Amino acid sequence: MIPYGRQSINQEDVDAVVRVLQSDYLTQGPTVPLFEDSVIAHCGARHALAVNSATSALHIACLALGLGPGDWLWTTPITFVASANCALYCGAQVSFVDIDPLTYNLCPDALEQKLLRAKIENRLPKIVVPVHLCGQPCDMQRIHALAQKFGFKIIEDASHAIGGKYLGEPIGNCRFSDITVFSFHPVKIITTAEGGMVVTNSSELFESMGLLRSHGITRDVRQMSHAPDGPWYYQQVALGFNYRMTDLQAALGVSQMHRLEGFVAQRHAIANRYEQLLSELPVTRPWQHPDGYSGLHLYVIRLQTERLMSSQREIFEVLRDKGVGVNLHYIPVHTQPYYARMGFLSEDYPQAMRYYAQAISLPMYPGLTQAMQEQVVDALSGVLQ
Ligand SMILES: *Cc1c(COP(=O)(O)O)cnc(C)c1O
């Protein structure tokens with residue numbers, strides 16, 4: 001089976017991990033800060049904290065921004081459940097904003113309309129989480145302007161988007177947000193097996209997320225209530241978690257960061273080939289907004305269902321039978337049983353529902369060869385006849 005995504009590991013990656021394995025520290029050694037520095041150097045934010053997943057990153061980002069019971073977090077329904085679950089972990093409530101029909105990202109017009117209504121009802125969100133779906137950046141300038149007007153905070157879920165750019169600058173510089181989150185799961189752009197990172201320009205948020213990452217414990221005298229009792233001393237000053245990344249994972253991360261630009265360039269080359277190979281088929285190819293340079297984590301096409309005899313489900317089944325590991329990103333979060341019982345109405349998210357009825361993620365990862373791509377498109381054109 002050709003998977004929809006997979007990691008790209010070379011001998012340097014293996015050697016980097018083995019070196020840590022043979023060193024003094026498997027975790028909490030010098031490699032995690034090195035990885036954080038390499039991400040900062042790439043994206044240009046002031047601070048970074050590596051954690052054990054993007055899910056953990058979203059959780060501590062929400063807590064640091066003060067999200068709690070009685071508060072609202074808004075995100076897009078077309079995302080992985082983690083973008084919404086982070087609010088529930090904090091005891092807050094979630095709502096969704098419909099997507100833009102061209103980019104499939106959270107729609108700024110829909111956001112503005114919903115904000116105007118929420119203001120009247122006194123239910124404005126504390127946090128909005130735009131998700132750079134497939135790696136394509138959201139309209140951050142407009143979302144940021146709305147944040148200024150309506151007083152919410154922004155966490156960019158850039159799980160798909162490291163290595164991409166917005167208005168010519170790296171995603172993750174936090175120019176239009178408070179915090180940006182990355183994921184390093186093996187299907188994403190770079191990997192540490194499990195892993196994630198928060199980046200921010202705020203030293204206050206950085207300090208507070210640093211405590212939350214590791215039990216709320218500090219060894220920094222400035223954060224203590226009184227002078228240390230002795231050289232062994234630390235203080236727990238908040239209720240945190242064990243969300244730390246290991247040095248083994250960070251070594252893989254540092255090594256993968258060396259190839260980040262190449263990975264994204266390869267993804268663009270694959271997308272360009274798909275553009276040509278798919279041009280005659282009854283599918284809508286992904287539209288790229290000129291303000292962005294996508295990380296191209298995913299390559300999502302939409303079936304022009306009104307022109308087709310077979311259903312989306314039949315097309316999926318045939319492709320999988322033919323060894324093409326297509327997938328669907330994502331099932332609208334508000335339709336998941338855990339969320340449905342909160343009373344969401346699909347008619348409030350017509351663009352997301354339409355997208356869900358048509359979307360297919362084709363295989364997209366640096367190791368995908370031209371021959372494999374041709375196999376994917378042959379299988380697809382066979383089933384679309
Ligand atoms: C993968 C992903 C996450 C979660 O990442 P983990 O590192 O697996 O916790 C969150 N949001 C989006 C949009 C993702 O794709």
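The values are calculated or read from the model by the stated rules, or taken from the named source; none is laboratory data. Values in this document were obtained by computation on a predicted structure and should not be read as measured data. Quick reminder, even Gly has a Cβ in these numbers, built from the backbone with ideal geometry, and neighbours come from all protein chains shown. Surface areas here come from the heavy atoms of the whole protein model, side chains and all, with no ligands, DNA or RNA. Shrake-Rupley method; radii C 1.70, N 1.55, O 1.52, S 1.80 Å.
Would you be able to say whether some residue in segment 283-295 is open to solvent by 10 Å² or more (accessible area, probe 1.4 Å), touching a Phe, Trp or Tyr at 6+ places or on another chain (Cβ under 6 Å) and at pLDDT 95 or above?
Yes, there is a match, as at least one residue in segment 283-295 is open to solvent by 10 Å² or more (accessible area, probe 1.4 Å), touching a Phe, Trp or Tyr at 6+ places or on another chain (Cβ under 6 Å) and at pLDDT 95 or above.
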- Task: Would you point out which residue out of Met342, Met364, Met309 is in contact (Cβ under 8 Å) with a residue 40 or more places away in the chain, exposed (fewer than 14 other Cβ atoms within 10 Å of the Cβ) and not in a helix (DSSP H, G or I)?
- Result: Met342
- Query: Of the residues that make up segment 10-29, is at least one more than 21 Å from Val187 (Cβ to Cβ), free of Cβ contacts under 8 Å to residues at least 40 places away in the same chain, open to solvent by less than 70 Å² (accessible area, probe 1.4 Å) and part of a loop (DSSP other than H, G, I, E, B)?
  - Reply: no
- Query: So, in segment 190-219, of the ones that are assigned to a loop (DSSP other than H, G, I, E, B) and open to solvent by 10 Å² or more (accessible area, probe 1.4 Å), which residue ends up nearest to the ligand (Cβ to nearest atom)?
  - Reply: Glu194
- Task: Within segment 164-186, count every residue that is within 19 Å of Gly262 (Cβ to Cβ) and open to solvent by 10 Å² or more (accessible area, probe 1.4 Å).
- Result: 3
- Restricting attention to segment 37-62, and to residues there that are away from the ligand (no atom under 16 Å from the Cβ) and part of a helix (DSSP H, G or I), which single residue is nearest to Ser95 (Cα to Cα)? Cys43
- Query: Failed condition for Arg222, given (1) among the charged types (D, E, K, R); (2) touching a Gly at 6+ places or on another chain (Cβ under 7 Å); (3) open to solvent by 40 Å² or more (accessible area, probe 1.4 Å), with all others met?
  - Reply: (2)
- Item | Qualifying position, being within 28 Å of Tyr356 (Cα to Cα), open to solvent by less than 40 Å² (accessible area, probe 1.4 Å), of a type in the set (A, V, I, L, M) and in contact with a helix residue (DSSP H, G or I) (Cβ under 8 Å, 6 or more places away or on another chain), among Ala50, Ala61, Ala54 | Ala54
